[in-house]
Amino acid sequence: MNRRYKSLLILLSAFTSSHLSAQPAEHRVLACVGGKVYPSPTSAPIEDAAVLTEDGKISAVAAGVVFKLPASAEVLDCKGKAIVAGFWNSHVHFETGWHGAADAPADKLEAHMQEMLTRWGFTTVWDLGSEPGNTLALRKRVEAGEVPGPQILMAGDIFPENGHPIYLPPDMELPEAGNAAEAMLMARGYLSMGLDGIKLFTGAYMGNKPVVNMDAAIVKAAVDVAHAQGKPVFTHPQNHVGVDNALAGGVDILAHTIPSEGSYTADELARMKQQHTALIPTLTLWTTVVPDPTIQDQLVQVGVNELKAYFSEGGTILFGTDVGFTTKYNTMQEFEFMGRAMGWQDVLASLTTNPAEYFREPSKGRLEKGMDADLVVLNGDPAADVRNFAKVAYTIRGGKVIYSTK
Ligand SMILES: [Zn+2]
């Protein structure tokens, strides 16, 4: 029998000795023991349970068991804690404070990664626009294990002609597509660089001047390029025209609500539902765009109402906060706002199963045998208070702890 293994207590039937002896020398084991496990948003919780991970995959989720563990196993005491699948943030930017990622010291990048993402439980993120070369370099360092961080998916930005948003530095060079051919060229360029999707500004905010919208024909040109390669397209809509042109052109994901417009039209909601469009609410963002707290509250409430309108029609909701553009990294307020429109299980779905399904990563989103070992351990039960999703004790990606409160 394998001498690397200590004496056992109870052996889980699925975890047989033949299974153990088949493992390679670098066998990596991490167990979260004693927590309340929520395997998915729709399944019943398992009390006093353990999650066993081996070599980056979940090998068992069960109640009341003591696993036989190798001496090298890492064991996390999760008594009194809740265990859920790793979170997705489907709207971030490696922009503010992320420059020079190719050469920055790893510990500095790790500290920023913790502050912005991993201490909030994120194991996968969608970057919806940054300097691609810089973020590709960062992603490489994360994947090499040099900087503990989430899986990073990237979308390349395309702006409408003369649509340089007022909140971006005027000297920042932005790719503006004046016609369909230019949009196709830009989309192909991003995907050939290894990016995973496209982000369009179908409505660019120009401050006191009118919103600049992207024509539906230009939208469709970029969408066709992305969809031909099986890649998703996001949009920053800004107003009704920005939503409508995005829907007409076949965009997949609305990256924000449109609080300045008051509500979606019935036609928009019907079309979003029919086209299986996903919505990222970014409600906390609306507290940062105007200084007046009364107007902030109004914008947030309109955003909540828009979220509720689409969610109640069965629309797909993806969690996202626009961090890296905003520096409001704390996710608690977003959970509180989303909780006004949906139940805590629906919020969990927006963090886990919805993005895993929408972006076709079937090995993520749930805690089951065979799934990726992406987990979040919470210092509080989200069923008791949705804000507990922000109280992260451990973030685990691929069976490795990438954030710990210790
Ligand atoms: Zn953004």
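The values are calculated or read from the model by the stated rules, or taken from the named source; none is laboratory data. No experiment lies behind these values; they were computed from the predicted model shown. So basically every Cβ, Gly included, is an ideal-geometry build from the backbone, and we count neighbours across all protein chains shown. Each accessible area value is taken on the protein alone, full model and side chains, heavy atoms only, with ligands, DNA and RNA left out. Shrake-Rupley method; radii C 1.70, N 1.55, O 1.52, S 1.80 Å.
I'm checking a number: the convex hull volume of the Cα atoms of region 126-190, normalised per residue, in Å³. What is it?
On the way: hull volume 6.4 nm³, N = 65.
Enclosed volume per residue, from the Cα hull, is 98 Å³.
Measure nothing fancy, just the Cα-based angle from helix 216-228's long axis to the longest principal axis of the chain, in degrees from 0 to 90, nearest 10.
So the helix axis and the longest Cα principal axis differ by about 30 degrees.
Using the 2.2 N^0.38 Å rule of thumb for compact globular proteins, work out how the chain stacks up: its C-alpha Rg over that value, please. Present the calculation step by step, with values, prior to reporting the outcome.
Numbers: Rg = 21.9 Å, N = 406, 2.2 N^0.38 = 21.6 Å.
Taking N as the residue count of the chain, the ratio is 1.02.
Within region 117-214, list the chymotrypsin sites (Phe, Trp or Tyr not before Pro) lying in a DSSP loop whose Cβ has at most 13 other Cβ atoms in a 10 Å radius.
Details: sites: W120, F122, W126, Y167, Y190, F201, Y205; in loops: Y167, Y205.
Passing sites in region 117-214 are Y167.
Peptides 384-394, 230-240: what's the order by average Cβ count within 10 Å, highest mean first? Don't skip to the answer; put the middle values down first.
Values: 384-394: 20.0, 230-240: 22.5.
The densest-packed peptide leads the list: 230-240, 384-394.
No solvent, one uniform scatterer per C-alpha: report log10 I(q)/I(0) for region 101-158 via the Debye equation at q = 0.16 1/Å, two decimals.
Per q value, in the given order, log10 I(q)/I(0) is -0.44.
So for region 203-303, considering every pair of alpha-carbon atoms, how many percent are separated by more than 24 Å? All intermediate terms of the calculation are to be shown ahead of the outcome.
Values: 1192 of 5050 pairs.
The calculated P(r) of region 203-303 puts 24 percent of pairs beyond 24 Å.
Within straight cross-link reach of K140, meaning Cα distance under 25 Å, which lysines are found once same-chain residues fewer than 8 apart are removed?
Within reach: K57, K108, K199, K231, K364, K400.
Quick check: from the Cα gyration tensor, does region 138-231 come out rounded (a/c under 1.5), prolate or oblate? List each step's numbers first, then the result.
On the way: a/c = 2.70, a/b = 1.43, b/c = 1.89.
Since a/c reaches 1.5 but b/c is at least a/b, the shape of region 138-231 is classed as oblate.
Measure off, as a whole percent, the carbon and sulfur share of the 1.4 Å-probe accessible area of the chain, all protein chains present. Could the numbers behind the result be given before it?
On the way: 8610 of 16510 Å².
For the chain, the apolar C and S fraction of the accessible surface comes to 52 percent.
Taking square-rooted eigenvalues a ≥ b ≥ c of the alpha carbon gyration tensor, is region 322-406 rounded, prolate or oblate, where a/c under 1.5 means rounded and, failing that, a/b exceeding b/c means prolate?
Working: a/c = 1.45, a/b = 1.22, b/c = 1.18.
It is rounded, given that a/c, with a ≥ b ≥ c, falls under 1.5.
Over the Cα atoms, compute the radius of gyration (one decimal) and Dmax (the largest Cα-Cα distance, rounded to a whole number) for region 73-181, in Å.
Cα-based Rg and Dmax for region 73-181 come out at 17.0, 58 Å.
What is the angle, in °, between the Cα long axis of helix 180-192 and the longest principal axis of the Cα atoms in the chain? Nearest 10 is fine, range 0 to 90.
Roughly 20 degrees, rounded to the nearest 10.
Which trypsin sites (Lys or Arg not before Pro) in region 300-345 pass both tests, a DSSP loop state and at most 16 other beta-carbon atoms within 10 Å? Could you put the intermediate results ahead of the total?
On the way: sites: K308, K328, R340; in loops: K328, R340.
Those satisfying the criteria are K328, R340.
Going by alpha carbons, how many degrees (0 to 90, nearest 10) lie between the helix axis of 132-143 and the longest principal axis of the chain?
Helix 132-143 and the main axis of the chain meet at about 10 degrees.
In whole Hz, with x marking every Gly and Pro, tabulate ³J(HN,Hα) for region 155-165 from phi via Karplus 6.51 cos²θ - 1.76 cosθ + 1.60, θ = phi - 60°.
Listing the rounded values in order: 10, x, 7, 10, 9, x, 4, 6, x, 7, x Hz.
On a straight-distance basis, which lysines could pair with K328 in a cross-link, Cα separation under 17 angstrom, same-chain partners fewer than 8 positions away excluded?
K391
Please work out the average accessible area per residue across region 194-344, using the 1.4 Å probe convention, and give it in Å². Walk me through the numbers before you get to the answer.
On the way: 5590 Å² over 151 residues.
On a per-residue basis, 37 Å².
If you average 1/r across every pair of different Cα atoms in region 305-368 and take the reciprocal, what Kirkwood value do you get, in Å?
Values: mean 1/r = 0.0788 Å⁻¹.
With all distinct Cα pairs of region 305-368 included, I get 12.7 Å.
Considering only DSSP beta bridges with both partners in the chain, what is the antiparallel share in %, to the nearest 5?
50
How much of the pair distance distribution for region 249-406 lies past 20 Å, counting alpha-carbon pairs only, in percent?
Working: 6627 of 12403 pairs.
Percent of Cα pairs beyond 20 Å in region 249-406: 53.
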